[in-house]
Structure formats: C-alpha cells, structure tokens
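The values are calculated or read from the model by the stated rules, or taken from the named source; none is laboratory data. No experiment lies behind these values; they were computed from the predicted model shown. With ideal geometry, Cβ positions are generated from the backbone for all residues, glycine too; neighbour counts draw on all protein chains shown. Surface areas here come from the heavy atoms of the whole protein model, side chains and all, with no ligands, DNA or RNA. Shrake-Rupley method; radii C 1.70, N 1.55, O 1.52, S 1.80 Å.
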Amino acid sequence: MSLAFLHSHDCSEVHGDAVWGVAWTQSDTSVSISADGCIKQWTSSSGQPYSILNSSDSDFKVPAPHTLGLVSLSVSQDGRFALYNSLEGLTSLWDLTNGEVVGKFESYVRSGEDSEPSWCISLNPNGSTYASSGASGKLSIHSTEPDNFGQRLATIPSGRSKFGMYCSYSPDGKRVALSSETGQIFIFDVESSSLMNTFTSHAMSVRSLAWSPDCSLLLSGSEDKRLVLHDVRASLGGGGGAVATFSGHSSWVLSVDISPDGRLGLSGSADKTIKVWDIAARAAVSTVQDPGGEVWSVSWRPKPPAVGTAGAFVSGSEDGTVKWWRSAGGGG
C-alpha cells in the first residue's frame, strides 16, 4: 500500500526559532511551542492565528514570550487546555478558549526532597493532574487544581537515575509511559504509584512516545533512527515488549504519533522527512520532504478521517514553520 500526503498550507506567522512541539486539538485548532519562547494557537484550516470568532473580545490573549525556549507540550483530550514547559522548568496551563494562563508552577524552586526542575510534561486526559520528569528519571504526578497547581501528589522511582526525556499519559489516564536518555521505556501505574514494566528496545535516547487509542500499544522514536512498537498490555514480569521495528529514517527520530483509528504511525526526523507507517503491514507507506529542515514534532488530526482518506497531520520544523498536510484522497 502507498499513500500520498499533500502539503496543504503553512502558518501565516512563523516562529522566530525552531518549532519544538505541535499538537492538533479536538477543537480543530493547532498549538505550537518554539525555541523562541512563544506558544501559539492556530486555526488549522487556514494557518491563521486563532481568534475568538463572533466575540466582542476580538483580541484573543496569547501568553507573553518566555525568556527561554519551550520544550514540552501536552493538550487536553477535549482541546480546552494546553500544558507547556520551559527550558528551566516553568510549567504553565493555558486555557485555549479564552487565552488565560490559569496555572503556573516553578518546578526549579526547591520545595522538598523529590523536587527537581521538570523537563517533560503530560496532562492527564481527565485534566485533574499532570505528570513530569527530569534529570533524576523519576516520574512525578502534580495537581492541576487552581489553588495548588503544580503541587506534587506522588513521586514514582523508575529504578534508573537517567534523564527523563518524554512522558505521556495513556488515553484512559491509568498509566504513564516515560522514556530515558539511555533508551529505556518505563510504564507506570498511576493509581498504585508503581512501576509496571521496563522495555529496553533502544540503545540511544528515546525522544518521543505515542499510545494507541485503545491503550494496548506504545510507539517510540529514538536517536537510533528507529521506531519500535510495544505491546503494553502485559504487567511486570508477564511478558509484552517490542512487537515490531520500523526502519527507514537516516537520522534521529524526533517525534512520533498514532492516528485516531490506530492504523497509521507518523514520525518526524532530523533527516528532514516525515514518514507515515502502516502499523499492521509494518512498513512505510508515505515519505514527505520538509523544506524547513529537521522535523521536531508531528501530530495527527484527532478526529477520525473521512471515508476514503487517510486523515491529516501538522508538523513543526527547524525553520520556525508550522505546516499542515492532508491525505491526497481528500481533506481528511
């Protein structure tokens, strides 16, 4: 099988530096974070900055640029909130409906034995908590409540003191996957605050993780140029692990995602390409060149594709451009 994806349009205002994270929301907007310290929301259909339509408040608020780059992004399942984190560990929660920043937490301020600056963050699908990790390799669970935003509710050790590169809540909110700088992937049970499983599928840093919609599979992307698909249904000691490897990128895999119907994988790479993968066939079915350089982040449109199409996705690249792509079979 072969699929064609067409470049639909670019954002109307480029970031001043590399786009380090993108997310296509359930509200059909897209959010981007950049090394320029800015977070922006876009109307996905046009690439224009998002504004509140048919509202007397025509000036949609956008957070002021941060002095350092923004390194981690997570949007809520309903598309209402974006959680993002800065290089030094300032975690912020942005209400995408009105532009207000409703929570801020300075994780770099020492507040206890387990406190450390957050690097990667992930918002619980139910919105009540978020997960983070950093230099210690431990996973922390924090409150998102307005009166105690950022308060640590639990800290779960991974057993390895290796930098936590990327974390991601499962779609059902019951587990968190965490990847390390040395290639391990840890699966944590949130309710029991325990480590469920450890996968050693990569020999180099794992830059990105993506869950399948049914929470049974986890896709990882690594600096070893490979993507690996894991069966994460088994608990600690009960098997599971890598079930497929996807090769084809010629440099680091920087970002991965799984389509809302669970059929297709997506990857962005330092080789300046984006690849679409047929998960069942274990093969690449489309490769697109990004003229903007290294592709730091990719994200599928979360709404299931129209009949006869393969959907659409958004990407963020080194030149500061956010780009939208669509299946040649239709608008996605």
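Table for the structure above
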| read-out | value |
| --- | --- |
| Qualifying residue in the range 98-106 (condition: farther than 23 Å from residue 61 by Cα, touching a strand residue (DSSP E or B) at 6+ places or on another chain (Cβ under 8 Å) and open to solvent by 10 Å² or more (accessible area, probe 1.4 Å)) | no |
| Subset of the range 240-254 that is on the phi > 0 side of the Ramachandran plot and open to solvent by 10 Å² or more (accessible area, probe 1.4 Å) - its residue that is nearest to the chain's Cα centre (by Cα) | 248 |
| Of all residues making up the range 142-170, the number that are open to solvent by 10 Å² or more (accessible area, probe 1.4 Å) and under 26 Å from residue 101 (Cβ atoms) | 15 |
| Close pairs (6 angstrom Cβ cut-off, 6 or more residues apart or separate chains): more than 15 Å from residue 36 (Cβ to Cβ) in the range 76-90, open to solvent by 50 Å² or more (accessible area, probe 1.4 Å) and not in a loop (DSSP other than H, G, I, E, B) anywhere | 90/106 |
| Failed criterion for residue 281 (all others in (1) over 18 Å from the mean Cα position of the chain (by Cα); (2) in a strand (DSSP E or B); (3) not aromatic (Phe, Trp, Tyr) hold) | (2) |
| The lone exception for residue 287 - which of (1) farther than 23 Å from residue 168 by Cβ; (2) in contact (Cβ under 8 Å) with a residue 40 or more places away in the chain; (3) not in a loop (DSSP other than H, G, I, E, B) it fails | (2) |
| Evaluation of residue 195 against (1) touching a residue at least 40 places away in the same chain (Cβ under 8 Å); (2) buried (at least 20 other Cβ atoms within 10 Å of the Cβ); (3) touching a Gly at 6+ places or on another chain (Cβ under 8 Å) (one fails), failing number | (2) |
| Elements of type strands (runs of 3 or more DSSP E) contained in the range 1-97, each with 3 or more residues being touching a Phe, Trp or Tyr at 6+ places or on another chain (Cβ under 8 Å), of a type outside the set (Lys, Arg) and open to solvent by 50 Å² or more (accessible area, probe 1.4 Å) | 5-10 |
| Test result for residue 221, open to solvent by less than 10 Å² (accessible area, probe 1.4 Å) and either modelled with pLDDT under 95 or assigned to a strand (DSSP E or B) (or both) | yes |
